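Below is one structure; the comments refer to it alone.
The values are calculated or read from the model by the stated rules, or taken from the named source; none is laboratory data. Quick caveat: nothing in here was measured; it's all calculated off a predicted structure. FYI the Cβ positions are ideal-geometry reconstructions off the backbone, even for glycines, and counts take in every protein chain you see.
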Amino acid sequence: MTPSDLELIRFSMILPIMGFLIKITMDSWSKSNDNDNDRYAISSIVQYSLMTLYLAIIIGLIVKQIRNEAITTTPNFNCFIGILGFLLLVYVAIIALYATRYSKLQYGYIIPSISESINNWIMIPLWILIFYNMHNLMDCQKTKNCLPTVSFCTLAILAFGLMQMYLVNSSFNMLQLWPTDDIDFHK
């Protein structure tokens with residue numbers, strides 16, 4: 001990888017971190033102002049947009065490097081990139097969910113019965129594992145000593161991604177059945 005690509009990968013790591021911090025800040029502001037419940041959905045859209053941007057940058061740079069034959073691909077590396085593509089689609093679905101069902105999801109719920117904090121229990125370790133695995137894969141590219149098999153870390157990322165996909169799928173299904181009169185109950 002070229003030094004500029006590595007710098008962009010390292011710099012872009014700030015996007016998901018900033019998205020999470022922005023969400024925490026906006027959500028805490030919403031809790032202090034009882035009339036600002038709509039910020040929960042907005043903060044989620046901002047957070048997932050920044051995560052989506054990070055994943056798109058990473059996938060784009062890696063595809064560019066694979067085309068230039070500057071990266072040694074292994075089953076672990078290929079699986080990791082596939083999982084990042086899967087997460088990109090999950091996060092686009094979450095953004096679409098919040099954008100299309102904004103009025104129902106403005107209270108900070110992915111599913112009306114599951115709070116955002118449960119999703120954070122999935123997302124925080126997921127992103128720690130993504131950063132850790134990305135660091136290991138970039139390091140092994142320098143030393144040309146990459147694992148030939150799929151690592152536990154890569155499989156754990158897939159497991160957390162599947163949990164988030166389950167939440168999104170359940171949310172879309174629940175919102176088809178959830179009556180709109182329940183929104184007035186929260187106000």
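Quick one: in the stretch 141-187, of everything that is assigned to a helix (DSSP H, G or I), at pLDDT 85 or above and of a type in the set (G, A, S), which residue is surrounded by the most Cβ atoms within 10 Å (Cβ to Cβ)?
G161
Out of all the residues in the stretch 89-140, which are polar (S, T, N, Q) and either at pLDDT 80 or above or not in a loop (DSSP other than H, G, I, E, B) (or both)? Step through it out loud before you land on a result.
Applying the first criterion (polar (S, T, N, Q)) to the stretch 89-140 yields 100, 103, 106, 113, 115, 117, 119-120, 133, 136.
Hits for the stretch 89-140 are T100, S103, S115, S117, N119, N120, N133, N136.
Could you tell me which of the residues F11, F80, F20 is under 23 Å from I128 (Cα atoms), at pLDDT below 85 and of a type outside the set (G, A, S)? Give the derivation first.
Values: F80 fails: at pLDDT below 85; F20 fails: at pLDDT below 85.
Step by step, each of F11, F80, F20 is checked, and only F11 is under 23 Å from I128 (Cα atoms), at pLDDT below 85 and of a type outside the set (G, A, S).
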